[in-house]
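Nothing in this text is a laboratory measurement; each read-out follows from the coordinates by a stated rule. All figures in this text were calculated on a predicted structure; none of them were measured in a lab. When we count neighbours, we look across all protein chains shown, and the Cβ atoms used for this are built from the backbone with ideal geometry, even at glycine.
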Amino acid sequence: MAHTTVTLEQTSSETRCGWFVVDLDGTLVSADLFVERLARLLLHRPWVLFAFLFSGKYSIAGLKTFVARHVPLDAQHLPYRQALLERLRNARTANIKTVLATAAPAAYAHAVAAHLGLFDHVLATTPELNLKSRRKLNAIKQLTDGDAFVYAGDAPCDLPLFKASKGGLLVSDSPQLKAAFKKTAPEGEILPAGADYRTRLKAALRAIRPHQWAKNALILLPAVTGWGLYDVGYAVALFPAIAMFCICSSIVYLMNDMGDVDADRAHPDKRLRPFASGELSVGNGLLLLSGLICTGSLIGWFFLSNVLWLYAIYLAISTAYSAKLKELPTIDAFVLSFLYVARVLIGAEVLGVPYSSWFIIFLAMSFLSLGWLKRYIELYSSEGDLKSRRRGYTKQDEPMILICGIACVFCGVLVLFLYTTAAEMRQVYNHPSWLLFLALPYLYFMLDLWREASLGKVHHDPVRHVMFSPKAYAIVAVSISILFCARFI
C-alpha cells in the first residue's frame, strides 16, 4: 500500500482497531516534558539535584520521578497537536479505547490525561521502570490482552511498537525516520510534525533574539561622548566587544526562555516564542546554548582577556536575574538598570575612555525608569497579578511603580544638570552650557513614553520600543546636534 501523509478528512486507521495508543512527548505535544523540567531545575534550583545524587537511586526512571516531584507540570497550556486531539475525540466517539503510553513520569502523564479527559488508560514511567521502546510495547500488550491496536509515536525507539501495531501513526518530518517507518509499517500513516530543518533553524534564530542585539549599541556611548568614533583603533576594539555582548545576551535569553517555558505558555504573546510553542525543543536549546558559550569563551580569550572578568560578572548577574532576582519586587528594576549601565562601563573599559560618575548616574536613573516602565506595562496588560509569570508584583503595586518611574525621569534631569556643570566637561566641550538643552528632548521623550505606556501603546520591552522608535531617532539627532554645538561653537 502506498505510504501517504494523511489529513483529518481521511479515514483514521485507529477506528479499525479496538485500541488507540498515543505517545506523549513529541507526539501528542510538541515538547519533551521531562527535558524541559530538568532544564528548569538546573537553571533555577540546581542545588536540589544534590538530593538525587545522595539518594543512591541512579537510574533514568528514578531521575524522571525525582524531577516530576520537584517541578510540577501545567498541563493546561502545553503545545498540543490539534490533529491528534481530533483523532482521539473521534476514537472515543467510535467507542475505541484510548491509551496514553509514554516514557514521561507518571505524574506528568496523569496530569495531561486529567486535563484532556480523552484517555481510558495511562501507562507511564514509574520509579522502577522507564517505559520506553520494548518495555512500553510489553505494557501495551499486557493491557490490550493481545487485541489489535494502533500506535502513534514520533521517535526511532517507537519502531518496535509500529511493527507490532495494526497501522502505525508517525508524527515526524525526519526523512530517515520516515524511510524506516515505511519498511516497518507499510500501511502506516504520517502526520507532519512541523519541525523540519528549516523550521528549527528559523526557530533557533528567533530564540537567540538578534533583534535585541541593538541594545548593545550602548557600548558605543563612551566613544560618542568622548568624540572618538573616528578613531580606527576604537573600531577594532569595539567589534569583538559588541560581538561578545551579543553572545552574552543570547545566552541569557536562551536560559530565560528555557527556564520560563511554562510561564510563557500562559502569556498571550510569549506563548509564541520558540520553546513555548514547541517549534524548538529545549534539548536543541541546550545544544545551542553550549555552542554560544564555547564561541563566547574563544572570543573572550583571544580578544578581550583583560576585561573577560567583567563579562563574567555581567553574565553571572544576568543569570541570577533570570533564575530568581526577577521575582523580587524593586530589586528586579535595579538589576535591570545595572545590566544596561554595565554595557556602557564595559565599553569604556575596553576603549580606555574616561567617563564621568555623573554620566553613569544619569544613565542609571534613565534605565531604572525604563525598568519600572517594563513592570508597569506588564501589570497594565495583565488581568491579575504577575506571580504566575515569575514576577513579584500585583495590581496594587501599579500606582507605586508609576510614581517611581516618573520620579526617576526627573532625577535623571537633575543629574544631567549637575553633569553639564562638572569641571571635566570643559576638557571635552568648548561651551558645556549648551549641554543644558539636552534636558528638554530627554524630558519630553521619557514623559511621552510613559504617557504612551498608560495608553497601552508600548511594547512589553520598553528598551526595544525605544530602539525601534522613529521618535527616539529624532531625539538622538537633536541631542547629537546639541553635543556638536557644545563642542565646536
per DSSP, antiparallel bridges as share of beta bridges in the stretch 4-194, % nearest 5, sits at 5
Relative contact order, percent, the stretch 4-194 [alpha-carbon distance under 8 Å, six or more residues apart]:
27
Within the chain, which whole H helices from DSSP have a Cα span along their axis of at least 20 Å and a mean Kyte-Doolittle hydropathy of 0.0 or more, if any?
232-259, 282-303, 308-323, 331-351, 357-381, 398-420, 439-454, 470-488
Using the C-alpha gyration tensor of the stretch 435-489, what are the square roots of 5 times its eigenvalues, in whole angstrom, with the largest one first?
26, 11, 7
Which percent, nearest 5, of DSSP beta bridges in the chain are antiparallel?
5
What order do you get for MET258, MET446, MET425 when you list them from fewest to most C-beta neighbours inside 10 Å?
MET425, MET446, MET258
Using the per-residue mean of other Cβ atoms lying within 10 Å as a proxy for protection, in what order, highest first, do the peptides 300-313, 326-339 fall?
326-339, 300-313
The ratio Rg/Rh over the Cα atoms of the stretch 385-489, Rh being the Kirkwood inverse mean 1/r radius, stands at 1.08
Can you give the log10 of the normalised intensity I(q)/I(0) at q = 0.15, 0.17 Å⁻¹, computed with Debye over equal Cα scatterers of the stretch 4-194?
-0.87, -1.08
What's the FRET efficiency of THR295 with LEU328 using the Cβ-Cβ distance as r and R₀ = 45 Å, to the nearest 0.05?
0.90
Ranking request for peptides 64-70, 100-106: highest mean number of other beta-carbon atoms within 10 Å first, then the rest in descending order.
100-106, 64-70
For the chain (alpha-carbon point model, no solvent) the Debye-based log₁₀ I(q)/I(0) at q = 0.06, 0.12 Å⁻¹ works out to -0.37, -1.07
Between GLN76 and GLU424, what FRET efficiency comes out of the Förster formula 1/(1 + (r/R0)^6) with R0 = 51 Å and r the beta carbon distance, rounded to 0.05?
0.30
Packing-ranked peptide list from 75-82, 18-25, highest mean Cβ count within 10 angstrom first, is 18-25, 75-82
Each label point is 7 Å from the Cα along the Cα-to-Cβ direction; what then is the distance between the points at ARG135 and TRP309, in nm?
4.9
Kindly put THR144, THR27 in sequence by how many other C-beta atoms sit within 10 Å of each C-beta, fewest to most.
THR144, THR27
Dividing the Cα convex hull volume of the stretch 151-263 by residue count, how many Å³ per residue is that?
137
Under the helix-only model (-39500 (n - 2.57) for each DSSP H run of 4 or more, divided by the residues of the chain), the mean residue ellipticity at 222 nm, to 500 deg cm²/dmol, is -18000 deg cm²/dmol
Could you compute how fast the stretch 219-353 diffuses translationally, taking Rh as the Kirkwood radius over C-alpha pairs and applying Stokes-Einstein at 37 °C with viscosity 0.692 mPa s? Give it in µm² per second.
202
What is the extension gain from HIS110 to ALA316, computed as 0.36 nm multiplied by their sequence separation minus the C-alpha to C-alpha distance, in nm to one decimal?
70.4 nm
What number in nm² do you get for the stretch 49-159 if you take the convex hull of its Cα atoms and divide its surface by four?
7.8
Output for the stretch 167-215 (equivalent-ellipsoid semi-axes, sqrt of 5λ from the C-alpha gyration tensor, Å, descending) is 35, 9, 5
Once LYS183 and LEU440 are pulled to full extension, the length gained, defined as 0.36 nm per residue separation minus their Cα-Cα distance, is 85.2 nm
Where N is the number of residues in the stretch 198-488, Cα Rg divided by 2.2 N^0.38 Å
1.03
Grab the Cα-Cα distance for ALA51 and LEU85, subtract it from 0.36 nm times how many residues apart they are, and report the gain in nm with one decimal.
8.5 nm
